[in-house]
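Heads up: the structure comes next, in structure tokens.
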Amino acid sequence: MAQSLSGNSASLSILAGVQHGTSEEDARILRGLRAGIDTAYEELIQRYEQPIYSMVYRLLGNQTDACDVVQEVFLKVFRGVNSFREQSSLRTWIYRIAVNEAHNHRRWFVRHCRHEVSLEKENTEQESRLELAQDPGPSPYDQTLDKETRVLVERALTRINPLFRTAVVLRDIQNMSYEEIAEILQVSLGTVKSRILRGREALKRELSQQTNHGLAEAMA
């Protein structure tokens, strides 16, 4: 993380390079997808499914909703691969679809069924979706923060403005550069930096209201 949620920015400064257009590896995967080669689909899922789930879950705060959105994301990727113009990296394109789908899902939920929580649906689908929800390995974020602290941060994330939350998650948890985030969100670098700053400040305020005041101070 360029500035980690724990305040340990030196050990977690992972700044992805700016990518303009697709790389040779992206182009290879895209050729396979467009040719309908099964191994290309498998490679895309293996590479992006868990990171996309991790991001979407933190944007929505619900496992079942996140799984639904991730499935829709990859359907849109597979359906839209022939129209992808390759003016950005494959990763940026997929993340842009994922962010848009998460925001659309949140807006729909707020309008239609916020008052309805289907525990039965969550229980029946949980087993079949367990594989997707599992994390194959700790991210830098997970390595830095202990379990209790992660719970506090995750809870606080759900309480901040969705626009700010998205920017913070992409930067501090998904380890993306400002330039990549600007491409994904289709906003200027200045807007990205402003949202991250305001998101971190909002996160600090939320954390300061919980018992772990030291964590909020560490994010200063």
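Available extension along the chain between N82 and R155 is 22.4 nm, counting 0.36 nm per residue and deducting the alpha carbon span. Per-peptide packing, taken as the mean over residues of other Cβ atoms within 10 Å, places 159-171, 39-51 in the sequence 159-171, 39-51 from highest down.
Packing here is the average count of other Cβ atoms within 10 Å per residue, and on that basis the peptides 181-188, 28-35, highest first, run 181-188, 28-35.
None of the figures in this text is laboratory data; all of them are computed from the coordinates on show. Fair warning: this is a prediction, and the values are worked out from it, not measured in the lab. Virtual Cβ from ideal backbone geometry, glycine too; neighbours counted across all protein chains shown.
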